[in-house]
Amino acid sequence: MADPRFFKNLGPFTLAQICEKAGLPQTGDGTRQIFDLADLSGAGPRHLTLFSGAANRREAFAASQAGACLVPQSSLEKPGKRPPAPSGMTVLEAASVGRAFAAIAAMFYPEHSQPRWLQKDAVSPDARIGRNVEMAPFVVIGPGAEIGDGTRLGPGTVIGPGVAIGKHCEIGADVTISHAYVGDRVTILPGAKIGQPGFGFATSGEDYLKIPQLGRVIIQDDVEIGSATTIDRGALGDTVIGEGSKLDNLIMIAHNCQIGRHCVIAGQTGLAGSVVLEDGVVLAGQVGLGDHSRVGSKARMGARSGTGSAIFLEGGQDYGGAPAKPVREWAREIHALARLAKPRKQGSNDG
């Protein structure tokens, strides 16, 4: 569900109105009211959610308590791909779940992109500023924002409406933070951008429709975020950076990623949407992880290693290469290839 601190909900709407807006055939009681949007696991009887048909979401769909759910048309699914809908759920079939959800989300939350606010002063009188807060020149703080005791804000930093920053944080120059909660003793180095809408689009094959990003960024205590690092907010859930984790410069964290506690991520690493890093994971420079991948606790990935989509790497191991493999296996393959590529001596036996 979208946080009312950051997003204004124009609902409720009836199922008939929702189906008309999304161009869907009406199913069930058209007068039934839907009050909000939520993900499969967090939805209740007054919510609409979506199920893409992905195998790793089948259990969540079967257990969901949502009042209504967008699903792919049966004709587009493989046999047995969709489990039976839970009791009380109205199923809305769509040729493109993403496009239907984008239309419906924009209906509930038309102002879902960049935060906008009007104020005469750089620091809104509606912001709550703690004791001993230091603000350099050209700091901008939006209405409803909160800055904890002893926090320092560098020049040119912009704190969006409703953002909450904890105590004794160090926020560098030209940092932009929106749609986010930041814990205590967090360090954010110059140029970092936090809380932008995630890179989510639905396509019909001809054009692209922006999917509203209605989640937040949650940064827990004692995190450090490097210069020019970008952390996008979630689509429905949150993007989370766990306690004590350290992020280097020039890192991309996409929407809905979940980074555990005390992880270390080196520069130029990119995490696609919904990647999960369990506690204590270490990623070397230029690692790339495909969407919905998961890396187990205390695993380590070597520089320039990576995965495709929805890959699970077990914890407690070292990995290298792309696609990533246990480092010993990867090293053996590299050595074998080197031997094969080595020119043969003239007169050697080719048999």
| What tally of residues in the range 219-247 results from selecting those that are in contact with a Gly (Cβ under 8 Å, 6 or more places away or on another chain), farther than 18 Å from residue 174 by Cα and not hydroxyl-bearing (Ser, Thr, Tyr)? | 13
| note | Of 284, 324, 299, the only residue that is in contact with a helix residue (DSSP H, G or I) (Cβ under 8 Å, 6 or more places away or on another chain), free of Cβ contacts under 8 Å to residues at least 60 places away in the same chain and surrounded by 14 or more Cβ atoms within 10 Å (Cβ to Cβ) is 324
| query | Out of (1) of a type in the set (Lys, Arg); (2) surrounded by fewer than 19 Cβ atoms within 10 Å (Cβ to Cβ); (3) more than 18 Å from residue 194 (Cα to Cα), the odd one out for residue 294 is which? | reply | (2)
| remark: Note on the range 84-98: residues surrounded by 21 or more Cβ atoms within 10 Å (Cβ to Cβ) and within 19 Å of the chain's Cα centre (by Cα) are 97
| field | Matching residues in the range 166-223 - criterion: being at pLDDT below 95, outside any loop (DSSP other than H, G, I, E, B) and small (Gly, Ala, Ser) | value | 202
| message | Condition first: free of Cβ contacts under 8 Å to residues at least 40 places away in the same chain, outside any strand (DSSP E or B), among the acidic types (Asp, Glu) and closer than 30 Å to residue 43 by Cβ. Can you find one or more residues in the range 224-247 that meet it? | response | yes
| Of the residues 180, 164, 173, 192, which single one is in contact with a Phe, Trp or Tyr (Cβ under 6 Å, 6 or more places away or on another chain), free of Cβ contacts under 8 Å to residues at least 60 places away in the same chain and of a type in the set (A, V, I, L, M)? | 164
| note | Among 290, 321, the single one that is more than 29 Å from residue 171 (Cα to Cα) and in contact with a strand residue (DSSP E or B) (Cβ under 8 Å, 6 or more places away or on another chain) is 290
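The values are calculated or read from the model by the stated rules, or taken from the named source; none is laboratory data. It should be emphasised that the depicted structure is a prediction, and the values quoted were computed from it without experimental measurement. Cβ sites come from the backbone with ideal geometry, for glycine too, and all protein chains shown count toward neighbours.
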